[in-house]
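> Below you will find the structure I want to go over with you.
The values are calculated or read from the model by the stated rules, or taken from the named source; none is laboratory data. Keep in mind that what you see is a predicted model, and the values were worked out from it rather than measured. Neighbour counts are summed over all protein chains in view; Cβ atoms, including those assigned to glycine, are modelled from backbone coordinates with ideal geometry. Quick note on the areas: whole protein, heavy atoms, side chains included, nothing else; ligands and nucleic acids left out. Shrake-Rupley method; radii C 1.70, N 1.55, O 1.52, S 1.80 Å.
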Amino acid sequence: MSMILTNVRAFASGADLTGASNKIEIAAEVEEKDATTYGSSGWKGVVGSLGSAGIEAEGYWEAGDPSLVDDAAWAQLGGVWPWTVCPDTAEVGSLAYLTRALRSNYKLGGAVGDVAPWSSTSKGSWPLVRGQIAHQPGQARTANGTGTVLNLGAVPAGKRLYAALHVLSVAGTTPSLTVSVESDDSAGMSSPTTRLAFAAATAAGGQALHTDAAAITDTHYRVAWTVSGTTPSFMFALSLGIR
């Protein structure tokens with residue numbers, strides 16, 4: 001089945017690039033190493049070596065606010081940040097690709113008369129993870145709560161649970177948001193275990209975490225958050241995946 005790309009959403013740290021981007025490419029590859037021997041009957045043999053991930057994005061230039069592409073790109077250049085790419089609705093359960101990547105370059109400007117363009121490349125310091133949206137960005141959070149339970153399955157030994165948190169907007173006096181990822185063996189979440197705990201966020205930005213390589217037998221996961229401050233309000237997105 002063919003697919004026309006009209007509804008891609010991209011989060012880079014604390015910036016939602018959707019309204020300023022018209023091209024997003026994500027890639028994962030494994031380096032090929034020759035392993036041909038005399039016993040390969042004249043056929044070349046190869047083995048997989050180091051893996052890599054990357055994101056290339058481009059679109060139309062905007063500036064003047066930390067959430068806009070120019071401000072965000074300059075702030076992120078040379079740093080390693082979480083990325084999530086998903087459908088534009090970014091609903092809980094939507095397919096999502098996430099990684100943690102070095103913002104390695106940023107280009108802007110074009111010919112006279114052009115709508116000012118930008119482009120940027122980020123090189124993964126994580127694998128590219130195929131997962132789901134666990135918290136949607138369009139819901140303001142003003143009090144403590146928990147999100148929808150997702151059945152991601154168990155994490156086998158040698159694999160990890162990965163999470164990317166994108167805090168998109170913050171309001172209030174001395175606001176603070178603490179987000180964690182919990183797991184349980186059933187959808188009822190009667191005895192949840194905290195698997196990942198992000199540092200408290202007081203401003204827009206992004207964080208990325210993963211578990212160690214130990215097995216997790218729980219199969220169900222959800223986001224939990226604690227909000228404090230005077231009239232606090234946070235908009236954030238979170239993606240989860242196992243790889």
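> Among residues other than Thr193 whose Cβ falls under 9 Å from its Cβ, what is the net charge (Lys/Arg +1, Asp/Glu -1)?
On the way: positive: Arg195; negative: Glu182, Asp184, Asp218.
Neighbourhood net charge equals -2.
> Report the local net charge at Pro137: Lys and Arg +1, Asp and Glu -1, summed over other residues whose C-beta lies under 12 Å from its C-beta. Provide the component values of the computation, followed by the final result.
Working: positive: Arg9, Arg141; negative: Asp16, Asp88, Glu91.
It works out to a net charge of -1.
> Just add up the charged neighbours of Ala75: K/R +1, D/E -1, any other residue whose Cβ is under 12 Å from the Cβ of Ala75.
Working: positive: Arg103; negative: Asp65, Asp70, Asp71.
So the environment of Ala75 carries a net charge of -2.
> Follow-up question, since we're still on this one. Segment 119-194 to segment 24-48: how many Å between their Cα centroids?
35
> Right, here's the next one. With an 8 Å cut-off on Cα pairs and a minimum separation of 6 or more residues, tell me the relative contact order of segment 151-243 in percent. Write out the running numbers ahead of the final one.
Numbers: 233 pairs, mean separation 47.1, N = 93.
Value for segment 151-243: 51 percent.
> Enumerate lysine pairs in the chain that are 8 or more residues apart or on different chains, then count those whose Cα atoms are under 26 Å apart.
Summing the qualifying lysine pairs gives 7.
> Shifting gears a bit: Heavy-atom accessible area per residue, segment 1-135, 1.4 Å probe: how many Å²? Please report the intermediate quantities before stating the final value.
Values: 7690 Å² over 135 residues.
Computed with neighbouring chains in place, this is 57 Å² per residue.
> Could you order Lys123, Lys33 so the one with the most accessible surface comes first? Probe is 1.4 Å. Let's see the in-between values first.
Numbers: Lys123 115, Lys33 90 Å².
So the residues, ranked largest to smallest area, are Lys123, Lys33.
> While we're on this one: Just to confirm my numbers, what's the Cα centroid distance between segment 56-71 and segment 78-99 in Å?
What the calculation gives is 17 Å, centre to centre.
> For the chain, with all protein chains present and a 1.4 Å probe, just round the carbon and sulfur fraction of the accessible area to a whole percent.
Heavy-atom surface of the chain belonging to carbon and sulfur, 1.4 Å probe: 52 percent.
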